[in-house]
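Step one of this worksheet: look at the structure below.
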Amino acid sequence: MPQTPNEGSRRSFFARLVDNNMFLLIFSFLCAIVLWFVTMSANAEGRETVVGNVPVDVQMSETAQEANIRIFKQTPLSASVSITGSSIVTSKITEADVSVSARLEPELSMLTGNSMQQATLTLRAYKQGNTLADYDVESVNPAEVTVLYDRYREIQLSVESEIHYTAADGYYASNTPTLATDIVTISGPESYVNRVAHAKLIYDFEGELTESKSVSCHVTLEDLNGDVLDPSELYLQLSDTTIDVSVQVTGRQSVQLEANILNLPERFASNRITIEPSTLEIAGDIATVSQYSTLTLSAPINFFDVTPENNVFTVPIPVPSGVTNISGVETATVTFNMNGYAETSVFTSNINIINVPENKVAELSTRSIEIHVVGTSAQIARLTGKTIFCTVDLASFQGQNGSLEVPVTVTVNNSDSCWAVGTYMAHVTVSDKPTETPEPSPSPSPSAAP
């Protein structure tokens, strides 16, 4: 049967392709690729895949947990897991789909608090999550994990300050700096926590200080021998690895102490009075402390209480607002030198009442008073009751009637180095003045009869 023109053309085209070497080369290469994919698909069902960076979980027995056992170092922290299965499945598996674990069951008797314990444990790998996934866990690498473990312990230590500094002249800095916290908590393996004896802040400020300073200071741990302990090497944790330290610097002033003495005789020499301490160191804002050159003791001393036997008085030292007493002394001792002075007792009847209300009558019940007098030996020898006068003042008893006990003021005349000691009272009877009845006027005489 004769060929049509179209059929002849197609045969001619394929003939030319078959005869073309380049076409045959490309066709052969494509066939090889398809055959390789077919072969690989057939063999992929049992091919091994490695999943890396799978975290290693070390589980402790219930007994270990109750004994407060903790792992402080673990090597390695992750492992590689080999799995087999369909490549379509295994290619999607990540470290989140598999788990690696070991179990620690320590011998508690080995934990004596002196050293940490080491254990090597066998690792086990298994599916995580969807355990029905179409793949198998074959092995884990490495096959073992090494752990360091001990009982967990924590302690609290007071922070010891070894901060050194010096204030310049005219300035004051407290011997104790201010710490942001004075307690630090140390936790970790019992055997290493037991070695910690001190938590210190060690720092030296340069030069003399004229203003307040602050610094963040590293906490240093030491054992009983003073050897420095490195927390990172001993698996120790600190609640504060650094603590802020402040040194307050203020102005400084030395002030003279003065006593407040009442009724001091003019002839009693000031050099017979001593105050110990005589000066006080104060600190505060420079503008504030510069206002003070003297400080008067808080409680006054009544010189009428001073005798040869009672000549030493302890008085509180005042602290003005905005000022700090840095001397560390809260009271001063005031001493009166009574050498050459003597004490005697004299009776006097020189008692006078003053300021009697106009509408009252006052009658003295006390006729004489025994007065104790202190003075120089020469004047005491000449003292008599005639030179001692007692005054009873009723100015504060206005409007009162009856028997009253009224304070007495004692004056020693012609003896400028003598004074009465003690307190005295006199009894006075006060009554209303009697009302004067006017005399009746005489009746007029009857007139004589005319």
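The values are calculated or read from the model by the stated rules, or taken from the named source; none is laboratory data. Quick caveat, the model's predicted, so the values are computed rather than measured. All Cβ positions, even for glycine, are placed from backbone atoms using ideal geometry, and neighbour counts span all protein chains on display.
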From the list 242, 220, which residue is outside the structural domain of residue 282 (by TED's automatic domain parsing), within 15 Å of residue 160 (Cα to Cα), free of Cβ contacts under 8 Å to residues at least 24 places away in the same chain and within 25 Å of the chain's Cα centre (by Cα)?
220
Any chance region 254-269 includes a residue that's touching a Cys at 6+ places or on another chain (Cβ under 9 Å) and not assigned by TED's automatic domain parsing to the domain that holds residue 172?
yes
Consider residue 185 carefully, then state whether it is at pLDDT 95 or above, surrounded by fewer than 17 Cβ atoms within 10 Å (Cβ to Cβ) and of a type in the set (Ser, Thr, Tyr).
yes
Kindly indicate whether any position in region 6-19 is more than 20 Å from residue 122 (Cβ to Cβ) and at pLDDT 90 or above.
no
Taking region 123-169 and keeping residues crowded, with 17+ Cβ neighbours inside 10 Å and aromatic (Phe, Trp, Tyr) leaves 135, 149, 165
Could you pull out the residue among 321, 298, 254, 345 that is in a loop (DSSP other than H, G, I, E, B), in contact (Cβ under 8 Å) with a residue 12 or more places away in the chain and of a type in the set (S, T, N, Q)?
298
Would you check which residues across region 264-290 are of a type in the set (Asp, Glu) and within 36 Å of the chain's Cα centre (by Cα) and list them?
276, 281, 285
Exactly one of (1) free of Cβ contacts under 8 Å to residues at least 12 places away in the same chain; (2) in contact with a Leu (Cβ under 6 Å, 6 or more places away or on another chain) is unmet by residue 356. Its number?
(1)
Taking region 359-377 and keeping residues touching a Ser or Thr at 6+ places or on another chain (Cβ under 8 Å) and either outside any strand (DSSP E or B) or within 15 Å of residue 412 (Cβ to Cβ) (or both) leaves 365, 367, 368, 369, 370, 371, 372, 373, 374, 375, 376
Out of the residues in region 324-337 meeting the condition of being part of a loop (DSSP other than H, G, I, E, B) and in contact with a strand residue (DSSP E or B) (Cβ under 8 Å, 6 or more places away or on another chain), tell me which one is surrounded by the fewest Cβ atoms within 10 Å (Cβ to Cβ).
330
The lone exception for residue 129 - which of (1) touching a residue at least 40 places away in the same chain (Cβ under 8 Å); (2) outside any strand (DSSP E or B); (3) farther than 30 Å from residue 236 by Cα it fails:
(1)
How many residues are hydroxyl-bearing (Ser, Thr, Tyr) and either under 23 Å from residue 375 (Cβ atoms) or in contact (Cβ under 8 Å) with a residue 40 or more places away in the chain (or both) if we restrict to region 394-439?
8
Answer yes or no: is there a residue in region 37-60 that is outside any strand (DSSP E or B), closer than 30 Å to residue 154 by Cβ and at pLDDT 90 or above.
no
Just to be sure I understand, how many residues within region 67-124 are in a loop (DSSP other than H, G, I, E, B), under 30 Å from residue 187 (Cα atoms) and aliphatic (A, V, I, L, M)?
5
Given the condition more than 37 Å from the chain's Cα centre (by Cα), part of a strand (DSSP E or B) and of a type in the set (Lys, Arg), answer yes or no: does some residue in region 185-200 qualify?
no
Condition check for residue 148: within 30 Å of residue 65 (Cα to Cα), in a strand (DSSP E or B) and without any contact (Cβ under 8 Å) to a residue 40 or more places away in the chain
no
For region 100-122, check the following and say yes or no: at least one residue is over 30 Å from residue 234 (Cα atoms) and more than 42 Å from the chain's Cα centre (by Cα).
no
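One line per residue, one yes/no per condition, for (1) modelled with pLDDT under 95; (2) more than 19 Å from residue 181 (Cβ to Cβ):
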{"site": "214", "(1), (2)": "no, no"}
{"site": "221", "(1), (2)": "no, no"}
{"site": "234", "(1), (2)": "no, yes"}
{"site": "238", "(1), (2)": "no, no"}
{"site": "246", "(1), (2)": "no, no"}
{"site": "264", "(1), (2)": "yes, yes"}
Among the residues of region 337-361, write down those that are at positive phi and within 60 Å of the chain's Cα centre (by Cα).
340
Since residue 374 meets every condition but one in (1) within 57 Å of the chain's Cα centre (by Cα); (2) hydrophobic (A, V, I, L, M, F, W, C); (3) at pLDDT below 90, which condition does it not meet?
(3)
For region 259-273, enumerate the residues that are surrounded by 14 or more Cβ atoms within 10 Å (Cβ to Cβ) and in a strand (DSSP E or B).
261, 273
Which of the numbered conditions does residue 160 fail, given that it passes all the others? Conditions: (1) free of Cβ contacts under 8 Å to residues at least 40 places away in the same chain; (2) of a type in the set (Asp, Glu); (3) outside the structural domain of residue 62 (by TED's automatic domain parsing).
(1)
Got at least one residue in region 94-103 being under 18 Å from residue 61 (Cβ atoms) and either of a type in the set (A, V, I, L, M, F, W, C) or surrounded by 14 or more Cβ atoms within 10 Å (Cβ to Cβ) (or both)?
yes
